[in-house]
1. For the range 2-183, report the translational diffusion coefficient in µm²/s to the nearest whole number, using Stokes-Einstein at 20 °C, 1.002 mPa s, and a Kirkwood Rh over Cα pairs.
2. Hull surface divided by four, with the convex hull built on the Cα atoms of the range 55-123: how many nm²?
3. Against the longest principal axis of the chain, how steep is helix 17-38, in degrees 0 to 90 to the nearest 10, with axes from Cα atoms?
4. Would you calculate a helix-derived [θ] at 222 nm for the chain, using -39,500 (n - 2.57) for each DSSP H run of n ≥ 4 and dividing by the full residue count, to the nearest 500?
5. Checking the cross-link filter: which aspartates and glutamates have an alpha carbon closer than 18 Å to that of LYS41, excluding same-chain neighbours under 8 positions apart?
6. Pop a pseudo-label 7 angstrom from the Cα along the beta-carbon direction at both ASP145 and GLU3 and give the gap in nm to one decimal.
7. List the aspartates and glutamates whose Cα lies under 12 Å from the Cα of LYS169, skipping any in the same chain that are fewer than 8 positions away.
8. Starting from the Cα gyration tensor of the range 2-62, multiply each eigenvalue by 5, take the square root, and state the resulting semi-axes largest first in whole Å.
Amino acid sequence: MKEKKLFSEIRDRKLPTQKFRKNSNSLSIFLAKKTLAKIPKQKLDKVVIVMVLRSSLAMLPAFLKYFPTAPVGFIGLKRDEKTAIAKKYYENLPKFNKNSVVIVPDPMLATGGSLNQTLVILMEKGVLPKNIYFTGFIGATEGVDLTTQIIPKENITLFAIDPKLDSKKYIVPGLGDFGDRYFRSN
């Protein structure tokens, strides 16, 4: 499978930025298509995409390819490197209701803290947990377990699940800081 090779390559921390971006874009398209297949056809006109700044921005073009009319909202969360707890610094979301279907693409699901903060914000705005979908490249078991306490397991699409987090709460073996790797140049 072509996607396994692309994923294996982005795990290499020495992969040049251009190749990392190209592989990530291809994997995002693959994952967006898999997410589309999970959403009932009669609900496609109710889809809203919510991006958690910043690394999720890399996935937006792929999701707009499959959900071209979906409104896009943004939540900014900044992780404290000492505590691994994220603080919200920005929110710009469209109106939601109990029929809204929300997709949250984000490359990494480590502790699940940022995603779960996002889920709480969405639920406070009226989105039902059964209508929230998460899509990412890689997750850690801890983050997946935490997330499935809120949304159904079948609403999660990940290319890989790694077994643990290191002392800094990074996924092991993971693929490094996705946002830094995608948005920098080397």
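Please treat every number below as a calculation from the coordinates, not as lab data. No experiment lies behind these values; they were computed from the predicted model shown. Note: ideal-geometry Cβ built from the backbone for every residue, glycine included; neighbour counts use all protein chains shown.
1. Using the Kirkwood radius from Cα pairs, D works out to 131 µm²/s.
2. 5.0
3. Once rounded, one gets 30 degrees.
4. -10000 deg cm²/dmol
5. Counting by Cα, and skipping residues close in sequence, LYS41 has these aspartates and glutamates nearby: GLU154.
6. Here the modelled spin labels are 2.6 nm apart.
7. Counting by Cα, and skipping residues close in sequence, LYS169 has these aspartates and glutamates nearby: ASP80, GLU81, GLU142, ASP177.
8. Working: eigenvalues 136, 39, 10 Å².
Calculated on Cα positions only, the semi-axes equal 26, 14, 7 Å.
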